[in-house]
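Visitor: So that we are looking at the same thing, I have put the structure below in structure tokens.
The values are calculated or read from the model by the stated rules, or taken from the named source; none is laboratory data. Values in this document were obtained by computation on a predicted structure and should not be read as measured data. Here the Cβ positions follow ideal geometry from the backbone for every residue, glycine too, while neighbour counts run over all protein chains shown. Side chains included, ligands, DNA and RNA excluded: accessible areas come from the protein's heavy atoms. Shrake-Rupley method; radii C 1.70, N 1.55, O 1.52, S 1.80 Å.
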Amino acid sequence: MTFGEQPAYLRVAGDLRKKIVDGSLPPHTRLPSQARIREEYGVSDTVALEARKVLMAEGLVEGRSGSGTYVRERPVPRRVARSGFRPDGGATPFRQEQADGDARGTWESSSRQAEASVAVAERLAIRPGDRVMCTKYVYRDNGEPMMLSTSWEPLAVTGRTPVMLPEEGPLGGMGVVERMAAIDVIVDNVTEEVGARPGLAEELLALGGVPGHVVVVVHRTFYASGRPVETADVVIPADRYRVAYHLPVK
């Protein structure tokens, strides 16, 4: 086989990827061995190994201890609907993160006081080291983990109020907009920045992903009269979900 200018291992990986995508190598099929790849493509052991590593990093195959490497079941991506600012009442944290009226889900959370890092302080327009309430969430859809979120709220805004703990008190479990309104802080704007990166080991463990998988990260910040009152990082597995935005036209 002639490989041209592209590195040989990428050409081998590309051919194997095509076979996986078109069904020639269906899910749960054992990937050709390193020796088989070497013979079929006329490449070295090093090239064959690197090609297998590429497919592993892409999440197309998985190693099974003592058995070999197999093609993974490819999930059908589902939608995470987002619509930005939601002023309607009763917006639970799940509805806030998955703004689909038909979506039903559950969440787990834990809150603790912390000092704002440099990055969080910049997003909240406070000083590094200022006290914030940090809350971590795991969102589930039909029992399957679908999103992670870490939020930070400046205690200069919520400290010593009934809404200091997002999941406790009279408005525990409600959205940011409703909780802030209860202390006369009127949220009137929200921004979201969307990016992608390899998932951290602890994120992929919580989401049931494979090391090396890519995650979509949404940096969200709520504002009240130009003042940031909450910022959060929302992490979504990119192989299982697509982020869809519904933005009103004014």
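Visitor: Could you list, in sequence order, the residues of the stretch 197-250 that are in a helix (DSSP H, G or I), open to solvent by 30 Å² or more (accessible area, probe 1.4 Å) and touching a strand residue (DSSP E or B) at 6+ places or on another chain (Cβ under 8 Å)? Don't jump to the end; show me each part of the working.
Guide: Initially, the stretch 197-250 is screened for residues in a helix (DSSP H, G or I), giving 201-207.
Among the residues that remain, those that are also open to solvent by 30 Å² or more (accessible area, probe 1.4 Å) are: 201-202, 205-206.
Across the stretch 197-250, the qualifying residue is only A206.
Visitor: Can you give me the number of residues within the stretch 19-62 that are of a type outside the set (S, T, N, Q), surrounded by 14 or more Cβ atoms within 10 Å (Cβ to Cβ) and assigned to a loop (DSSP other than H, G, I, E, B)?
Guide: Residues flagged as of a type outside the set (S, T, N, Q), surrounded by 14 or more Cβ atoms within 10 Å (Cβ to Cβ) and assigned to a loop (DSSP other than H, G, I, E, B) within the stretch 19-62 amount to 7.
Visitor: Further question: For E192, only one of the following conditions fails: (1) within 25 Å of the chain's Cα centre (by Cα); (2) in a loop (DSSP other than H, G, I, E, B); (3) not β-branched (V, I, T). What is its number?
Guide: Just one mismatch for E192, condition (2).
Visitor: Where the second residue is surrounded by fewer than 13 Cβ atoms within 10 Å (Cβ to Cβ) and modelled with pLDDT under 95 and the first is over 15 Å from G175 (Cα atoms) and lies in the stretch 95-123, which pairs have Cβ atoms under 6 Å and are six or more apart or on separate chains?
Guide: Within 6 Å, no pair qualifies.
Visitor: Small (G, A, S), open to solvent by less than 60 Å² (accessible area, probe 1.4 Å) and modelled with pLDDT of 85 or more: is that true of S67 in this structure? Give the steps one after another, and end with the answer.
Guide: Details: small (G, A, S): yes; open to solvent by less than 60 Å² (accessible area, probe 1.4 Å): yes; modelled with pLDDT of 85 or more: no.
No, not satisfied.
Visitor: From the residues in the stretch 6-18 that are among the aliphatic types (A, V, I, L, M) and within 28 Å of the chain's Cα centre (by Cα), which one is most open to solvent (accessible area, probe 1.4 Å)?
Guide: Only one residue tops the list, namely L10.
Visitor: Looking at (1) in a loop (DSSP other than H, G, I, E, B); (2) surrounded by fewer than 18 Cβ atoms within 10 Å (Cβ to Cβ), which one does V187 not meet, given that it meets all the others?
Guide: If we test V187 against (1) in a loop (DSSP other than H, G, I, E, B); (2) surrounded by fewer than 18 Cβ atoms within 10 Å (Cβ to Cβ), just (2) comes out false.
Visitor: Go through the stretch 137-184 and give me each residue that's among the basic types (K, R) and exposed (fewer than 15 other Cβ atoms within 10 Å of the Cβ).
Guide: Going through the stretch 137-184, the residues among the basic types (K, R) turn out to be 140, 160, 179.
Across the stretch 137-184, the qualifying residues are R140, R160.
Visitor: Taking the residues in the stretch 63-75 that are part of a loop (DSSP other than H, G, I, E, B) and among the hydroxyl-bearing types (S, T, Y) as candidates, determine which candidate is nearest to the chain's Cα centre (by Cα).
Guide: S65
Visitor: For residues that are free of Cβ contacts under 8 Å to residues at least 40 places away in the same chain, of a type outside the set (A, V, I, L, M, F, W, C) and more than 17 Å from R227 (Cβ to Cβ), tally how many sit in the stretch 169-195.
Guide: Within the stretch 169-195, residues that are free of Cβ contacts under 8 Å to residues at least 40 places away in the same chain, of a type outside the set (A, V, I, L, M, F, W, C) and more than 17 Å from R227 (Cβ to Cβ) number 5.
Visitor: Additional query: Report yes if some residue within the stretch 209-220 is touching a residue at least 40 places away in the same chain (Cβ under 8 Å), farther than 18 Å from R242 by Cβ and over 20 Å from the mean Cα position of the chain (by Cα); otherwise report no.
Guide: Scanning the stretch 209-220, I find no residue that is touching a residue at least 40 places away in the same chain (Cβ under 8 Å), farther than 18 Å from R242 by Cβ and over 20 Å from the mean Cα position of the chain (by Cα), so the answer is no.
Visitor: Another one. Filter the stretch 48-74 down to the residues that are β-branched (V, I, T) and touching a strand residue (DSSP E or B) at 6+ places or on another chain (Cβ under 8 Å), then identify the one that is farthest from S24 (Cα to Cα).
Guide: This residue is T69.
Visitor: Kindly list the number of the only condition in (1) touching a strand residue (DSSP E or B) at 6+ places or on another chain (Cβ under 8 Å); (2) assigned to a loop (DSSP other than H, G, I, E, B); (3) modelled with pLDDT of 95 or more that fails for R127.
Guide: The number of the failed condition is (1).
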